[in-house]
Amino acid sequence: MSEQASRNAIALLELSSIAKGIEAADFMLKAADVELLMSRSICSGKYMVLVRGDVAACHSSLNAGIETGKECVAGATLIPNLHEEIFPAISQSALIDKVEALGILEGFNVAALIEAADAAVKAAEVRLVEIRLAMALGGKAFAVLTGHVAAVRAAVEAGKAVLGDQGLLTNWAVIPSPKEDLVKELLGGRLI
């Protein structure tokens, strides 16, 4: 198993205080061998910390963040066994060589959306284009994926099921043949 494959878990901590969020991020990074994926203020005045590592490291890191954040902790989640495509999609560094159909999943919760995107990419032969988390989204999140129309439909259905089961599905779409201008706008410079 490669080092990256063994580091397929994430720990997500959401806090109601920006100051405590920054402090908790520092404690999380010092507590275990984890990689910082995101540490920033998000909509509605909260702060989000997202780290990657193996399950044990993420667990230790998350516990350190919870202990530091105490009464400011708004949510804490550990998600193991994520598909490798999740990580470049979160960092918006996924390089896509071809866009066919587009699928979009939109959810009310960051952790649930990551779980839905993971289910989608595991359910069908699709590529994750991006996962956008809570920034300028009112705390919501969305994922964009691409592939053949049938695969995109199957992937979106899998993601919808995850979000729907948790009561956190905002909306979704499948676009069979997106216009080139839309694709360029969504991908920025990541279309190779």
> Can you find a residue in region 182-189 that is buried (at least 17 other Cβ atoms within 10 Å of the Cβ) and in a strand (DSSP E or B)?
Replying inline: no
> Which of the following residues is in contact with a Gly (Cβ under 7 Å, 6 or more places away or on another chain) and outside the structural domain of N109 (by TED's automatic domain parsing): A57, A24?
Replying inline: A24
> Would you pick out the residues in region 138-167 that are of a type in the set (K, R) and more than 14 Å from the chain's Cα centre (by Cα)?
Replying inline: R153, K160
>> So if I check each of A74, A117, A161, which one is in the same structural domain as L12 (by TED's automatic domain parsing) and not charged (D, E, K, R)?
In response: A74
> Could you count how many residues in region 50-78 are outside any helix (DSSP H, G or I) and farther than 10 Å from I10 by Cα?
Replying inline: 4
>> Show the residue pairs meeting these rules: Cβ distance below 6 Å; 6+ apart or different chains; first residue within region 173-189 and farther than 11 Å from V99 by Cα and in the same structural domain as V129 (by TED's automatic domain parsing); second residue surrounded by 10 or more Cβ atoms within 10 Å (Cβ to Cβ) and small (G, A, S).
In response: V174/G103
> Looking at A155, A161, A151, A173, which one is modelled with pLDDT of 95 or more and either touching an Asp or Glu at 6+ places or on another chain (Cβ under 7 Å) or on the phi > 0 side of the Ramachandran plot (or both)?
Replying inline: A151
>> Can you tell me which residue is surrounded by the fewest Cβ atoms within 10 Å (Cβ to Cβ) among those in region 141-181 that are part of a loop (DSSP other than H, G, I, E, B) and in contact with a helix residue (DSSP H, G or I) (Cβ under 6 Å, 6 or more places away or on another chain)?
In response: P176
> Does G103 count as in contact (Cβ under 8 Å) with a residue 40 or more places away in the chain and either assigned by TED's automatic domain parsing to the domain that holds M28 or more than 25 Å from V49 (Cα to Cα) (or both)?
Replying inline: yes
>> Anything in region 90-112 that is in contact with a helix residue (DSSP H, G or I) (Cβ under 7 Å, 6 or more places away or on another chain) and under 25 Å from S60 (Cα atoms)? List them, or say none.
In response: A112
>> Can you tell me which residue is surrounded by the most Cβ atoms within 10 Å (Cβ to Cβ) among those in region 51-77 that are at pLDDT 95 or above and under 17 Å from L113 (Cα atoms)?
In response: V51
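The values are calculated or read from the model by the stated rules, or taken from the named source; none is laboratory data. In this text, all values refer to a predicted model and were calculated from it rather than measured experimentally. Reconstructed Cβ throughout: ideal geometry from the backbone, glycine too, with neighbour counts over all protein chains shown.
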